1. Take the residues in region 313-350 that are in a helix (DSSP H, G or I) and without any contact (Cβ under 8 Å) to a residue 24 or more places away in the chain, then tell me which one is surrounded by the fewest Cβ atoms within 10 Å (Cβ to Cβ).
2. Determine which member of the set Ile42, Ile23 is farther than 19 Å from Asp67 by Cα, assigned to a loop (DSSP other than H, G, I, E, B) and in the same structural domain as Asn77 (by TED's automatic domain parsing).
3. Restrict the check to region 12-29 and report whether at least one residue is among the charged types (D, E, K, R), within 32 Å of the chain's Cα centre (by Cα) and within 30 Å of Leu142 (Cα to Cα).
4. Going through region 162-185 one residue at a time, which ones are touching a residue at least 24 places away in the same chain (Cβ under 8 Å) and under 17 Å from Asp123 (Cβ atoms)?
5. Can you name every residue in region 108-139 that is assigned to a loop (DSSP other than H, G, I, E, B), surrounded by fewer than 20 Cβ atoms within 10 Å (Cβ to Cβ), over 24 Å from the mean Cα position of the chain (by Cα) and of a type outside the set (Ser, Thr, Tyr)?
6. Go through (1) in contact with a Pro (Cβ under 8 Å, 6 or more places away or on another chain); (2) closer than 28 Å to Asn207 by Cα; (3) not β-branched (Val, Ile, Thr) for Lys255 and report which single condition fails.
7. Would a scan of region 222-242 turn up a residue that is of a type in the set (Asp, Glu) and at positive phi?
8. Might you check whether a residue that is within 22 Å of Val338 (Cβ to Cβ), surrounded by 21 or more Cβ atoms within 10 Å (Cβ to Cβ) and not aliphatic (A, V, I, L, M) occurs anywhere in region 229-247?
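The values are calculated or read from the model by the stated rules, or taken from the named source; none is laboratory data. Since the model is a prediction, treat every value here as computed from it, not as a measurement. Every residue, glycine among them, receives a Cβ derived from its backbone with ideal geometry; neighbour counts consider all protein chains shown.
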Amino acid sequence: MYDYEWDRLKTWLDQYGAIDESITSAEQITRLDLSAKSLKDIPASIGILCNLIVLNVSNNKLSTLPDSMKELSALRNLDIRRNNFEELPEVVTSLSLRSLNASGNQLKSLCLLKNSKELRVLDFSSNAIRNLESFLPIKNELRTLNLSSNLIKDIDMFLPNLASVERLNLSNNVIVNIPHSIEHLESIEELDLSSNQIEKIDDAFFNLEVEIVDLSANNLKSLHLFSLESLEELTLDENDFEDLSIEDYFAPYLKEFSCDSCSLETFLLPPSEFLEMLCYSSNEIKAIPDEIGHYSKLTQLDIDENLIEDLPDSLANLVYLQTFYAKGNPLNEHAKKVIDVLSPNICDLNMKSGITIERAGADDLAQMAKLLSVLFAIEKDFEIDFDKQFSGIQSLYKCEGADLLVAKYENSVVGMITMQRLISSAEGDYIGQIEDLVVYEEYRKMGVGSRLLNKMRVIAQEYEYKRIQLAADIDNSNALEFYNRRGFNKTNLNLYHYTV
């Protein structure tokens, strides 16, 4: 009977190219990728895969899972995202899962997980979940929870069960307040509450040991910032503040602070001496205080689209500043002289107007292949061959897990950058490999390269990559200086090529 089931299952798996010819028994299969196969069901014989650890059936048309999956005693990672599940399959509760991704379905309830004590990573984003009561057992091992893009309004009842959670994403819901029970997030490191309807925040929130917080796009009118002693990044963008204040003892180790589009008239100075990024773009600020010069570690300053006429001389003391956005302000001559002393090349005032940064389209690929010849003329390890470069950029464009950005001026590609998704055994997760950053010479020193790199960094953050990395020619001193100034650190690794 076993041989018969294995023969049938092997035939089915071969049909979808899920296993290679070396597989001769069910016991050999530990990982199985059946994603994007238009599957409507999975055969019951899958239950014989006794050593299966990882199963990916994402991007299919599944609405049920076979009961035989309860026999998969070794299964730890299950990916059922982007299917047609309206209810969480009951067989899931019989498995000893560590990671479950069910995002992009039509789930309305998670109550079946109330006895799941071993789960560490849960992703239920982009479903139709409203109620979180009886969602998890009080004692659990959950570390990462993503409930973004649902219909959740009240989070009070389930927060006490999240004492071990380190990363919590509740963005794009309809949450109206942060309750006192937020105090139960004893292990929280990253908290995303962006794009909700939050009006009030209980003081218990400010006692958290959280490192990264996003409260952007809410309904906050008044906010008094204090404590949060472990906080390193805070985003408050797109809140229409009437009153925003900062205590002297707020977030002493803060590195990034953003208040884009917050209706602010005053340039507030966080007390942290470790600030690296400060954003007050699209507000109604008229002046920058002299104390801005105290931020000796600042690398990015954004004051775009305000009412600022003058800049303090102390701005020139920011020797580590890599990017300075100041467009859309009525800057006077003195302000422009301060920028010249600081370094004119890092300011967006020197960018050619009309250059846009956007995702590459199919019509851009030939221009991108031509642009690569500029890069390969500098890098000695590569040869210029348009046909090869065009074929390569076409394959990259079609590749899942690849991102291609272009800088365009009057519909022509003048710069580009690519990034590929890799799996790092060291990080235990995805990382991004940056490649092909190049700008035509006549468009350099206008901030185009910085804008391309910054946009790709944002994409990497959205994907939650653990790090991004790149390789640069050791003789390209301009590129090495460019990357060093933008926070990339040289490693002890050497890069080797072997031609096959």
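1. Here is the first cut: in region 313-350, the ones in a helix (DSSP H, G or I) are 313-317, 333-342, 344-346, 348-350.
So of that shortlist, the ones also without any contact (Cβ under 8 Å) to a residue 24 or more places away in the chain come out as 333, 336-337, 340, 344, 349.
Details: Glu333: 8, Lys336: 14, Lys337: 13, Asp340: 11, Pro344: 13, Leu349: 16.
It comes out as Glu333.
2. On the way: Ile42 fails: farther than 19 Å from Asp67 by Cα.
Residue meeting the stated conditions: Ile23.
3. Within region 12-29 (the criterion being among the charged types (D, E, K, R), within 32 Å of the chain's Cα centre (by Cα) and within 30 Å of Leu142 (Cα to Cα)), the answer is no, since none of the residues qualifies.
4. Leu162, Ser164, Glu166, Arg167, Leu168, Asn169, Leu170, Ser171, Asn172, Asn173
5. Residues satisfying the conditions are Lys108, Lys117, Glu118, Arg130, Asn131, Glu133, Pro137, Ile138, Lys139.
6. (1)
7. yes
8. Just the residues of region 229-247 that are within 22 Å of Val338 (Cβ to Cβ), to begin with: none.
So far as region 229-247 goes, no, none of its residues is within 22 Å of Val338 (Cβ to Cβ), surrounded by 21 or more Cβ atoms within 10 Å (Cβ to Cβ) and not aliphatic (A, V, I, L, M).
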